[in-house]
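The values are calculated or read from the model by the stated rules, or taken from the named source; none is laboratory data. Everything quoted here is computed from the prediction, not taken from an experiment. Counting neighbours? That spans all protein chains shown, and the Cβs are built from the backbone with ideal geometry, glycine included.
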Amino acid sequence: MEEKLISSKNDIKRIRTYIEGLDEQIQGGVPENSITLICGSSGSMKSSVSFNIAYHEVLKGKKALYISLEQSWYSLLNHMTNLDFNLSKINLVVISDLSEFNQKIQKVKSGKGGAFVITDIGAIRKEIKAVKISPSSDWLNVVKNVVKKMKQASGCDILIIDSLSALYVLSNFTHPRTELFYIFEFLRDLDLTCFLVSETPRDGSRYGEFGVEDFLVDGVIRLQLVERQRKVTREISVVKMRATACNVDVFSLEFENGKFKALYGGQPALI
């Protein structure tokens with residue numbers, strides 16, 4: 001992607017998070033063509049927040065690619081249906097066999113408006129389990145090739161990789177800091193808006209597996225599970241976001257009637 005200087009802050013196009021109360025705190029949304037880390041502990045709704053962004057962008061006519069490395073596409077879609085996402089409203093395409101890739105991408109091209117493509121890497125691994133694949137690089141290349149081919153064949157506006165933690169398990173990096181740098185450079189060159197899901201420890205001591213991810217990305221959205229008086233609530237905060245005047249306060253995250261809300265307040269802390 002060729003970088004360009006802007007003459008005014010109004011030149012920055014933004015992608016909404018579709019979290020009521022949060023977009024207003026980050027000048028309307030995440031900068032287009034940026035890389036954002038969505039991190040949090042298990043159960044903090046990282047995947048749901050990511051899916052929510054892509055779903056609403058697809059409703060507006062955009063094309064989104066969701067690469068699931070650990071959760072099956074059945075499990076993912078059943079979960080989203082339970083959260084009241086109306087999947088019948090979007091052109092939904094599932095890729096669970098690489099031999100069908102070109103056929104499925106043709107469905108994306110022939111459809112009117114947006115498209116939501118889910119690539120189930122776990123299912124693909126099962127399909128070709130008889131093939132010996134080096135864990136160090138080839139599965140990473142599979143992910144890269146899926147992204148590049150979709151971008152070239154049908155276009156792609158939004159990319160979600162869920163999750164970085166699973167990608168690390170498959171890739172077995174020898175020099176993680178160097179290899180991560182080149183992965184992020186690859187993502188920047190794609191000219192699309194990227195959201196990376198990252199599993200973090202419950203204590204929030206780091207934002208990614210190797211402790212460098214937050215330096216390499218443009219933005220970090222942190223989700224937390226916080227226990228107060230034996231009651232657990234979800235919280236959300238924007239740790240950083242380049243080219244954005246953002247409110248870094250912590251908000252309560254609520255999900256009700258198919259919508260996310262970021263609110264001040266919540267259960268008061270014990271004194």
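Summary of computed values
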{"item": "Given (1) buried (at least 17 other Cβ atoms within 10 Å of the Cβ); (2) out of contact with any strand residue (DSSP E or B) (no Cβ under 6 Å at 6 or more places or on another chain); (3) farther than 20 Å from ARG16 by Cα; (4) of a type outside the set (A, V, I, L, M, F, W, C), number of the condition TYR55 does not satisfy", "result": "(3)"}
{"item": "Residue in the stretch 76-98 that is in contact (Cβ under 8 Å) with a residue 60 or more places away in the chain, within 23 Å of LYS148 (Cα to Cα) and buried (at least 20 other Cβ atoms within 10 Å of the Cβ) present", "result": "no"}
{"item": "Conditions (1) small (Gly, Ala, Ser); (2) out of contact with any strand residue (DSSP E or B) (no Cβ under 8 Å at 6 or more places or on another chain); (3) within 19 Å of CYS156 (Cβ to Cβ); number of the one not met by SER50", "result": "(2)"}
{"item": "Hits in the stretch 148-177 - residues which are closer than 23 Å to ASN52 by Cα and small (Gly, Ala, Ser)", "result": "SER154, GLY155, SER163, SER165, ALA166"}
{"item": "Breaking point among (1) closer than 20 Å to SER72 by Cα; (2) in contact (Cβ under 8 Å) with a residue 40 or more places away in the chain; (3) not aliphatic (A, V, I, L, M), for PHE186", "result": "(1)"}
{"item": "The stretch 26-47: number of residues that are touching a residue at least 40 places away in the same chain (Cβ under 8 Å), surrounded by fewer than 20 Cβ atoms within 10 Å (Cβ to Cβ) and not aliphatic (A, V, I, L, M)", "result": "6"}
{"item": "Selection count where residues are among the polar types (S, T, N, Q), over 18 Å from the mean Cα position of the chain (by Cα) and part of a loop (DSSP other than H, G, I, E, B), scope the stretch 1-29", "result": "3"}
{"item": "Failed item, numbered, when GLY61 is tested on (1) without any contact (Cβ under 8 Å) to a residue 60 or more places away in the chain; (2) surrounded by 15 or more Cβ atoms within 10 Å (Cβ to Cβ); (3) not in a helix (DSSP H, G or I)", "result": "(2)"}
{"item": "Within the stretch 166-181, considering residues that are β-branched (Val, Ile, Thr) and at pLDDT below 90, the one farthest from SER110 (Cα to Cα)", "result": "THR174"}
{"item": "Residues (surrounded by 22 or more Cβ atoms within 10 Å (Cβ to Cβ) and among the small types (Gly, Ala, Ser)) located in the stretch 172-212", "result": "SER198, GLY208"}
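This table checks each residue for (1) modelled with pLDDT under 95; (2) over 13 Å from GLY21 (Cβ atoms); (3) out of contact with any strand residue (DSSP E or B) (no Cβ under 7 Å at 6 or more places or on another chain); (4) assigned to a strand (DSSP E or B).
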site	(1), (2), (3), (4)
GLU209	yes, yes, yes, no
LEU223	no, yes, no, yes
VAL232	yes, yes, no, yes
VAL239	no, yes, no, yes
LEU253	no, no, no, yes
ALA262	no, no, no, yes
GLY265	yes, no, no, no
